[in-house]
Amino acid sequence: MIDMAGLAQKGGAVTSHIRLAKRPEDISAIRIGPGGADLLLGCDSLVSADSAVLKLIGKKGHVVANSYEMPTGDFTRNADQKLPVAEMADRLKQIVPEGQSVMVDATQSALALVGDSIAANLFLLGVAFQRGLLPLSSVAIEQAIRLNNIAIEQSLRAFAWGRQWVVDPAGIDQILADKKALSSLPLDRLEQIIADRVERLRAYQNEAYARDYERQVSAITQLDTHRDQLLSKAVARYLYKMMAIKDEYEIGRLYSDGQFGRLIDRVFTSDVRLSVHLAPPLFSRHDPITGRPQKRQFKGWIWPAFKLLYALRGLRGGIFDLFGYTQERKAERKALSDYRAMLAEIADKLNETNYDIAVEMASVPEFIRGFGPVRAAHMAEAENKWAVLGKTFKQQNTTAVNKKSA
């Protein structure tokens, strides 16, 4: 076995060349040459579908690949980027004879069945083994897992679940569907969306803040006669997003309300030492090259500080809110005020003609993401969208009025 690493330290692609033989002297070369691979075990579909990897597969080879859409580093620069999932699957299917390529969402399967997505690799191994693609016994593989001595029980279960998927894929899919139904909260109905956001805003600030949100959403829902309530749902989702800015107090809550600690306890079985990298707006220097705030590492003492920050959330937006005097926080408060004013205008001039434009206007916050200069850039784009949509909204309102007059 040999690992071919491509900038692996930064999350780049890694391919492992593995040769199996009865005797060591039967292996003359470790690296597999073009057309020499009998099996491609693709743990990452993007890497698996790369031309450099595909050329290694023999004409009678097999593919067992993970269909999960794994995020790449490019997502940090383009949050709307989509991987060519269909194209990658097609490449993996066409490189081998018909029926010899299998795609399965091993990541989500492992997460649901054994509680850890890292077990996806062992799940795939189980799929390949059950399809008769590994010249090894199950006893040998299980013994190797025990000798490795890392997450033994989890790995054995993942391997067994992969085998079971080959025998009864419909049964596994049903188990996954049932688990998803139990673990996810359906938020399709307007009442569910509003109730969920009210509860979140209550934790974010207080009861009055949550009720303020509820009142403004109600002003729109009373006017929305559309069968699917598209405008009401958009307002319910995005007014919340504009109100629940992830500021310093909210960061304090997210780290100190217990959920983060429970997640750490679930993922790590031994004692861990944690640190975070932050760029506090009042204390951070700016990078001389990029102009962006420089992050610093904060260790143990930051955790009590997070609790204190959350306890001080009542200062948010008031004269004693030191963070509120930064340019970023001022811009966020203005954006919320402008959004509220826009909703008031929509409520005043809404009609059947401009309904769709109103939905688009209310949904623009979907594209406002990130922090600092990243958020500022998205905010500028959002303002341009609002300006264009606002003109169309007013024009369609005028057209509707003229038709009524005629």
- Message: Could you list, ordered by first residue, the pairs with Cβ atoms under 6 Å in which the first is in the stretch 288-303 and closer than 21 Å to Phe260 by Cα and the second is of a type in the set (S, T, N, Q) and part of a loop (DSSP other than H, G, I, E, B), at least 6 apart or interchain?
- Response: Gln297/Ser275; Lys299/Ser275
- Among helices (runs of 4 or more DSSP H) entirely within the stretch 139-243, at least 3 residues that are closer than 30 Å to Val114 by Cβ and in the same structural domain as Val64 (by TED's automatic domain parsing) occur in 152-167, 169-183
- Just checking, how many residues over the stretch 1-35 are in a loop (DSSP other than H, G, I, E, B), of a type outside the set (A, V, I, L, M), modelled with pLDDT of 80 or more and on the phi < 0 side of the Ramachandran plot? 7
- Specify the residue that is surrounded by the fewest Cβ atoms within 10 Å (Cβ to Cβ); the eligible residues are those in the stretch 336-356 that are among the hydrophobic types (A, V, I, L, M, F, W, C) and within 17 Å of Gln222 (Cβ to Cβ). Ala344
- Query: How many residues does the stretch 256-315 contain that are assigned to a loop (DSSP other than H, G, I, E, B), more than 24 Å from the chain's Cα centre (by Cα) and surrounded by fewer than 10 Cβ atoms within 10 Å (Cβ to Cβ)?
  - Reply: 14
- Item | Odd one out for Glu332, checked against (1) closer than 20 Å to Val217 by Cα; (2) modelled with pLDDT under 90; (3) not β-branched (Val, Ile, Thr) | (2)
- Query: Which of the following residues is charged (D, E, K, R), under 28 Å from the mean Cα position of the chain (by Cα), surrounded by 14 or more Cβ atoms within 10 Å (Cβ to Cβ) and at pLDDT 85 or above: Asp44, Asp90?
  - Reply: Asp44
- aliphatic (A, V, I, L, M) and either in contact with a Gly (Cβ under 7 Å, 6 or more places away or on another chain) or surrounded by fewer than 11 Cβ atoms within 10 Å (Cβ to Cβ) (or both) - does that describe any residue in the stretch 228-250? no
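The values are calculated or read from the model by the stated rules, or taken from the named source; none is laboratory data. Just so it is clear, the structure is predicted and the values come from calculations on it, not from any experiment. Neighbour counts are summed over all protein chains in view; Cβ atoms, including those assigned to glycine, are modelled from backbone coordinates with ideal geometry.
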